[in-house]
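Enquirer: One structure follows; several queries about it will come next.
The values are calculated or read from the model by the stated rules, or taken from the named source; none is laboratory data. These numbers come from a predicted model, not from an experiment. FYI the Cβ positions are ideal-geometry reconstructions off the backbone, even for glycines, and counts take in every protein chain you see. All accessible areas refer to the heavy atoms of the entire protein, side chains included, with ligands and DNA or RNA removed. Shrake-Rupley method; radii C 1.70, N 1.55, O 1.52, S 1.80 Å.
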Amino acid sequence: MAFQYLTNVPLDKAREDFLRAMEQAGFSAGAETVPVPEACGRITAAAVYARICAPHYPASAMDGIALDARRTFGAGETTPVTLAAEDFTVVDTGDPIPDGCDAVVMVEDLVPLPGGGVRLHAAAAPWQNIRQIGEDICAGEMILPSHTAVTPAAIGAMLAAGVLEVAVLRRCVVGIIPTGDEVVPPTAAPKSGDVMEFNSSIFSAMLRQWGAEPVTFPIVPDDKGALRCALDAALERCDAVLLNAGSSAGREDYAAEVIGEAGEVLLHGVAIKPGKPAILGRRGAKPILGVPGYPVSGILVLTELFRPLLDAWNRTAPAPEEQREATLARTVVSGLKYQEFVRVRLGMVGKRLMASPLNRGSGVVSSFMKADGILTIPQGQEGIEAGETVQVRLLRPMAELERTLVVIGSHDPLLDEAADLLHLADPTLFMQSTHVGSMGGILAVRRGETHAAGVHLLDEADGSYNSSYIRKYFPDGGVRLVECVGRTQGLMLPHGNPMGIRALEDLQRAGLRYVNRQKGSGTRILIDYLCRTRGMDPTKIYGYDREEFTHTAVAAQIAAGSADAGMGIWSAARLYDLDFLPVCMEQYDLLIPDSAFDTPMVQRLLEVLQSAQFRARIASLGGYTLQHPGTVRERF
């Protein structure tokens, strides 16, 4: 009787069953701690937070002189101000700002005088040309979310923020066992009959590219006992094993038998060509993959069946693929029993993308090197005629198909927490937020530039939040307000409140330094409104025009001693161990256009906002009230 594979399972089912079996068996990565400089390319095991601000001291942004800006007030082209040498300090870029100084004048703007003095023809603004504490990163801010690849820039950011070690997922150790009596190590002068063993080098390179750690064992002859000993040794040392060759129907193909004795054969035979003799097995939580000996078969089997396991191990999204329509240049005949992968060359001819099939032999490894794309012929289809339009998966270049949810608008730490939870819930989804203030977010939604905008805009007429602004800027509707949180706004003050601030009016005291949010932010609109209703003159508040773009940045300035007060949210004050004088409870919502509302990304975000995990994280931040987060509060 002719040899029969144990199974002929369609590829999608084989992949799904293998992944489910290994997940149920406990195939997953633990965490390990590595020095940050060695973490490039690794996957974070948990969210990484800044330990210190960057920069961690007020630094000169220019070469010039540091001085008290008030000494220059009134300077102009016709009314220059002359300063003696003792009135300023010469600084270089990066130097700390001396005590008593709050501005840097560029050397290009100085007129040197005999005796070391200078003449200025323009007044300096407070905090000009000074890099503020936390200008780049504020202590406590999330630098990287969970299960995210560490980039070279992220290494710099972590080190700048005082993070010297980082918890990352442990690399999957994959053993590769080459087999065969005729197989020899690569050599420049092989003898007749020698088959050079380069599959392990191909597989090792693929595995490293996918974030695994390959271990290649010595070549094992076609001997069942020797093969079993090698497999047992590899399983003791590795998290997974690739048994290369011996999976087909030859008289010395022992792979399936040995895998079955060492553990369990889940299936033997996948309905793909090339690659049909593949064996999927396991021992406990360790997968064993019997890989056909032909290199093209092996490459396809690893790509289609083993890489998904590594994606699951690394908690990363599957590699993005770009499909393009092409015109087939030559007829391709295929068998009915298998799903076939045909390597093609691609080129633009006129306005058409043409696909020319390459040599389809399983041993022609150069066809993969030359291929620009893969044409898939479904199981049960006899082939494709020349001239037909086909879908081709591009190999060169590999496309970036990242799905990123964009949020532009008012800042709140809940956005970082929601982004982390979103990525944890679905590794294929990402979320980025840009802090431009509530009004900036509304305008971004109106221009179609964002999926959502954080808003908390006070209506001075009736004390409500957000709705009147939405009606004004979206008279024709087409947007929804999604409830997020109520949050406490107030004055953030140094620990112990050394200046004894008891009310907003105290901000007008001589000698008190204030730090503000940027124009257009909901917090800036609030403090502007409070100043008007209480008869306060903002020009009497020193530093009122000194702007920061996040609540944590304001808190960082106060904690570092460069400001004595600033308006912000309680969670930011708590993060920096600041005193807090409550002013009001406001409503923070997400404004979402109808065009984005029903997208999977937005719907998953709403699920995150409604989750118990989100409630727990928000509760740990402090200063928030939660009623119905993630639900539509009003539709326009």
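One line per residue, one yes/no per condition, for (1) modelled with pLDDT of 95 or more; (2) touching a helix residue (DSSP H, G or I) at 6+ places or on another chain (Cβ under 6 Å); (3) farther than 30 Å from D476 by Cα:
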{"position": "Y544", "(1), (2), (3)": "yes, yes, yes"}
{"position": "T550", "(1), (2), (3)": "no, no, yes"}
{"position": "W570", "(1), (2), (3)": "no, no, yes"}
{"position": "R615", "(1), (2), (3)": "yes, no, yes"}
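Enquirer: In addition: Open to solvent by 40 Å² or more (accessible area, probe 1.4 Å) and closer than 22 Å to P378 by Cα, is that true of K286?
Expert: No.
Enquirer: Does the stretch 305-322 contain at least one residue that is over 23 Å from R171 (Cβ atoms) and within 33 Å of the chain's Cα centre (by Cα)?
Expert: Taking every residue of the stretch 305-322 in turn, at least one turns out to be over 23 Å from R171 (Cβ atoms) and within 33 Å of the chain's Cα centre (by Cα).
Enquirer: Which one of these does V105 not meet: (1) among the β-branched types (V, I, T); (2) open to solvent by 40 Å² or more (accessible area, probe 1.4 Å); (3) in contact (Cβ under 8 Å) with a residue 40 or more places away in the chain; (4) out of contact with any Cys (no Cβ under 9 Å at 6 or more places or on another chain)?
Expert: Going through the list (1) among the β-branched types (V, I, T); (2) open to solvent by 40 Å² or more (accessible area, probe 1.4 Å); (3) in contact (Cβ under 8 Å) with a residue 40 or more places away in the chain; (4) out of contact with any Cys (no Cβ under 9 Å at 6 or more places or on another chain), V105 breaks only (2).
One line per residue, one yes/no per condition, for (1) open to solvent by 30 Å² or more (accessible area, probe 1.4 Å); (2) farther than 30 Å from L110 by Cα:
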{"residue": "A47", "(1), (2)": "no, yes"}
{"residue": "R51", "(1), (2)": "yes, yes"}
{"residue": "Y57", "(1), (2)": "yes, no"}
{"residue": "S60", "(1), (2)": "no, no"}
{"residue": "R71", "(1), (2)": "yes, no"}
{"residue": "G76", "(1), (2)": "no, no"}
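Enquirer: Can you pull out the residues in the stretch 422-470 that are closer than 22 Å to L609 by Cβ, of a type in the set (D, E) and open to solvent by 40 Å² or more (accessible area, probe 1.4 Å)?
Expert: E449
Enquirer: May I ask you to list pairs of residues, at least six apart or on different chains, whose Cβ atoms are under 8 Å apart, with the first in the stretch 374-385 being more than 13 Å from G335 (Cβ to Cβ) and the second being crowded, with 19+ Cβ neighbours inside 10 Å and among the acidic types (D, E)?
Expert: T376/E340
Enquirer: Just the residues that are in a loop (DSSP other than H, G, I, E, B) and either without any contact (Cβ under 8 Å) to a residue 60 or more places away in the chain or open to solvent by less than 30 Å² (accessible area, probe 1.4 Å) (or both), please, taken from the stretch 136-145.
Expert: The answer is C138, A139, G140.
Enquirer: Still on this structure, I have one more. I'm trying to understand the selection: among the residues of the stretch 108-135, which are charged (D, E, K, R) and surrounded by fewer than 17 Cβ atoms within 10 Å (Cβ to Cβ)?
Expert: Correct list: E108, D109, R119.
Enquirer: Follow-up question, since we're still on this one. Just to confirm my filter: which helices (runs of 4 or more DSSP H) fall fully inside the stretch 537-636 and include at least 2 residues that are buried (at least 19 other Cβ atoms within 10 Å of the Cβ)?
Expert: 551-560, 570-575, 600-609, 612-621
Enquirer: Identify, please: which residue in the stretch 519-536 is outside any loop (DSSP other than H, G, I, E, B) and polar (S, T, N, Q) and is, among those, nearest to E460 (Cα to Cα)?
Expert: T533
Enquirer: Taking the conditions exactly as written (modelled with pLDDT of 95 or more and under 17 Å from V291 (Cβ atoms)), does L235 satisfy them or not?
Expert: Spelling it out, L235 is indeed modelled with pLDDT of 95 or more and under 17 Å from V291 (Cβ atoms).
Enquirer: Let me ask something else about it. Could you say whether any residue in the stretch 446-464 is on the phi > 0 side of the Ramachandran plot and free of Cβ contacts under 8 Å to residues at least 24 places away in the same chain?
Expert: yes
Enquirer: Answer with yes or no whether L575 is out of contact with any strand residue (DSSP E or B) (no Cβ under 6 Å at 6 or more places or on another chain), among the hydrophobic types (A, V, I, L, M, F, W, C) and within 25 Å of I408 (Cβ to Cβ).
Expert: yes
Enquirer: Here are the criteria: (1) modelled with pLDDT of 95 or more; (2) out of contact with any helix residue (DSSP H, G or I) (no Cβ under 6 Å at 6 or more places or on another chain); (3) open to solvent by less than 10 Å² (accessible area, probe 1.4 Å). Tell me which single one R513 does not satisfy.
Expert: (3)
Enquirer: Let me ask you something else. Output the residues belonging to the stretch 475-503 that are open to solvent by less than 10 Å² (accessible area, probe 1.4 Å), part of a strand (DSSP E or B) and of a type in the set (V, I, T).
Expert: Correct list: V479, V482, V485.
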